[in-house]
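What follows is a set of notes on a single structure, which appears directly below.
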Amino acid sequence: MTEQATFAGGCFWCTESVFKQIDGVTDVVSGYAGGHVADPSYEAVCRGETGHAECIQITYDPDEVSYEDLLAVHFTTHTPTTKDREGNDVGTQYRSAVFYHNEAQRETVEALIEEIEPGYDSDIVTEVEPLETFYPAEEYHQDYFEKNPDQSYCQLTIPPKIEKLKEKHAELLA
């Protein structure tokens, strides 16, 4: 039986590319969560009109990879200490967030943040909130890096995140 996790950590093209590398992850869908508008468009999210974060919804086999491991990857492959920003991407749509699916996930992420925060120079600003609705992004955003490997933004931002994944979490790679 599979479970789901929903994380926001900057551009969803980048986070999707990272989590697709992990053994036990069966699907990663780019989308939007945490906003106040039904069925938001990419353009409206980018303009900051909807309150949504670009995020990914991960489907995974908990017998192969744990929620704790996925959280560890999330916190080491983006910057959880910058509010509404990841690299050059700025705005609430790029905020750091964990949208939990149940109380066990909430407790796990809150305990992890408390454990790892002393290792950071600044406070972790990752929002922890219940997932109310996840809206898949438009089809052209799905598997974006695979479909657009020569796109300059992707070339600059995704390989360093994948290298960090390999360096810090090699045991999780497919």
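The values are calculated or read from the model by the stated rules, or taken from the named source; none is laboratory data. Small disclaimer: the values here were computed from a predicted structure and weren't measured. Here the Cβ is made from the backbone with ideal geometry for all residues, glycine too, and neighbour counts use every protein chain on show. To get the accessible areas, we keep the full protein, side chains included, count just its heavy atoms, and leave off ligands, DNA and RNA. Shrake-Rupley method; radii C 1.70, N 1.55, O 1.52, S 1.80 Å.
Consider THR133 against the criteria (1) surrounded by fewer than 16 Cβ atoms within 10 Å (Cβ to Cβ); (2) of a type outside the set (D, E, K, R); (3) within 13 Å of LEU71 (Cα to Cα): it satisfies all of them except one. Which criterion is unmet?
Result: THR133 fails condition (3) only.
Answer yes or no as to whether GLY35 is at pLDDT 95 or above, at positive phi, among the small types (Gly, Ala, Ser) and in a loop (DSSP other than H, G, I, E, B).
It is false that GLY35 is at pLDDT 95 or above, at positive phi, among the small types (Gly, Ala, Ser) and in a loop (DSSP other than H, G, I, E, B).
Within the group ARG95, ARG106, which residue is touching a residue at least 60 places away in the same chain (Cβ under 8 Å) and either over 26 Å from SER41 (Cβ atoms) or open to solvent by less than 50 Å² (accessible area, probe 1.4 Å) (or both)?
After ruling out the rest, the residue left standing is ARG95.
Residues of the stretch 118-157 being in contact with a Phe, Trp or Tyr (Cβ under 7 Å, 6 or more places away or on another chain), among the hydrophobic types (A, V, I, L, M, F, W, C) and part of a loop (DSSP other than H, G, I, E, B), which ones?
If the condition is that a residue be in contact with a Phe, Trp or Tyr (Cβ under 7 Å, 6 or more places away or on another chain), among the hydrophobic types (A, V, I, L, M, F, W, C) and part of a loop (DSSP other than H, G, I, E, B), then LEU131, ALA137 are the ones that fit.
Being in a loop (DSSP other than H, G, I, E, B), touching a residue at least 40 places away in the same chain (Cβ under 8 Å) and touching a His at 6+ places or on another chain (Cβ under 7 Å) narrows it down to one residue among PRO80, PRO40; which is it?
Result of the check over PRO80, PRO40: PRO40.
Hey, among GLU16, GLU115, which residue is charged (D, E, K, R), assigned to a helix (DSSP H, G or I), at pLDDT 95 or above and open to solvent by less than 30 Å² (accessible area, probe 1.4 Å)?
The unique qualifying residue is GLU16.
Within the stretch 56-71, how many residues turn out to be out of contact with any Leu (no Cβ under 9 Å at 6 or more places or on another chain) and either touching a residue at least 12 places away in the same chain (Cβ under 8 Å) or buried (at least 22 other Cβ atoms within 10 Å of the Cβ) (or both)?
Residues meeting the conditions: 7.
Could you grab me the full set of residues in the stretch 19-55 that are surrounded by fewer than 17 Cβ atoms within 10 Å (Cβ to Cβ) and of a type in the set (Lys, Arg)?
Of everything in the stretch 19-55, just one residue is surrounded by fewer than 17 Cβ atoms within 10 Å (Cβ to Cβ) and of a type in the set (Lys, Arg), namely ARG47.
For the stretch 146-172, what are the residues that are at pLDDT 95 or above, hydrophobic (A, V, I, L, M, F, W, C) and more than 15 Å from the chain's Cα centre (by Cα)?
Within the stretch 146-172, ALA170, LEU172 meet the criteria.
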